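Student: One structure, as structure tokens, below. Some questions next.
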Amino acid sequence: MLRRFSWALFMAALILPAAWARVQLASFDRLHPPPGCGMPIIGIYGVAILGAGALSLVSMALAGAAYWRLPAPRKGRRKIELALLSGPALLAGGVLVCLLLAG
């Protein structure tokens, strides 16, 4: 059950922030004509990436809990699954480090 919920959160981490960013960008384009400042667009992308990372981090924690519940000879596929689920969280961590270093 935890594994299915972690995959559902992972899919939400991929879909929901991208959909939110698309709606925000459409609203921004409607209010501000194209020759304008691009800083709000960078902010929208940054918030979407950090939101995806947060959802992915929760997904990875649930998958890790499901992994540790398995009996001792655990399959290597499950380790690969944990690495895959951590992808957006690692990307968000990289973006956060870049923001902290640039700020």
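The values are calculated or read from the model by the stated rules, or taken from the named source; none is laboratory data. From a predicted model like this one, the values you see are computed outputs, not experimental measurements. No Cβ is skipped: glycine too gets one built from the backbone with ideal geometry, and neighbour counts run over all protein chains shown.
Student: Considering segment 23-71 alone, what residues qualify as being of a type in the set (Lys, Arg) and either surrounded by 15 or more Cβ atoms within 10 Å (Cβ to Cβ) or farther than 30 Å from LEU2 by Cβ (or both)?
Tutor: Hit for segment 23-71 is ARG30, nothing else.
Student: Filter segment 54-97 for residues that are within 22 Å of ALA18 (Cα to Cα), in contact (Cβ under 8 Å) with a residue 40 or more places away in the chain and of a type outside the set (A, V, I, L, M) and give the result.
Tutor: Residues satisfying the conditions are SER56, SER59, PRO88, GLY93.
Student: Say whether the condition of being outside any helix (DSSP H, G or I), surrounded by 15 or more Cβ atoms within 10 Å (Cβ to Cβ) and polar (S, T, N, Q) is met by at least one residue in segment 80-91.
Tutor: Checked segment 80-91: at least one residue is outside any helix (DSSP H, G or I), surrounded by 15 or more Cβ atoms within 10 Å (Cβ to Cβ) and polar (S, T, N, Q).
Rundown of residues vs (1) assigned to a helix (DSSP H, G or I); (2) under 20 Å from LEU85 (Cβ atoms), yes/no style:
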site: SER6; (1), (2): yes, yes
site: LEU9; (1), (2): yes, yes
site: PRO17; (1), (2): yes, yes
site: ASP29; (1), (2): yes, no
site: PRO34; (1), (2): no, no
site: ILE41; (1), (2): yes, no
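Student: Being in contact with a helix residue (DSSP H, G or I) (Cβ under 8 Å, 6 or more places away or on another chain) and of a type in the set (A, V, I, L, M, F, W, C) narrows it down to one of LEU100, LEU96, so name that one.
Tutor: Testing whether each residue is in contact with a helix residue (DSSP H, G or I) (Cβ under 8 Å, 6 or more places away or on another chain) and of a type in the set (A, V, I, L, M, F, W, C) leaves just LEU96.
Student: Somewhere in segment 1-9, is a residue loosely packed, with under 15 Cβ neighbours inside 10 Å and at pLDDT below 90?
Tutor: Yes, segment 1-9 has at least one match.
Student: I'd like to check something: does segment 40-48 contain any residue that is farther than 23 Å from LEU91 by Cβ and at pLDDT below 90? Reasoning before the result, please.
Tutor: From segment 40-48, those farther than 23 Å from LEU91 by Cβ are none; that's our starting set.
Scanning segment 40-48 turns up no residue that is farther than 23 Å from LEU91 by Cβ and at pLDDT below 90.
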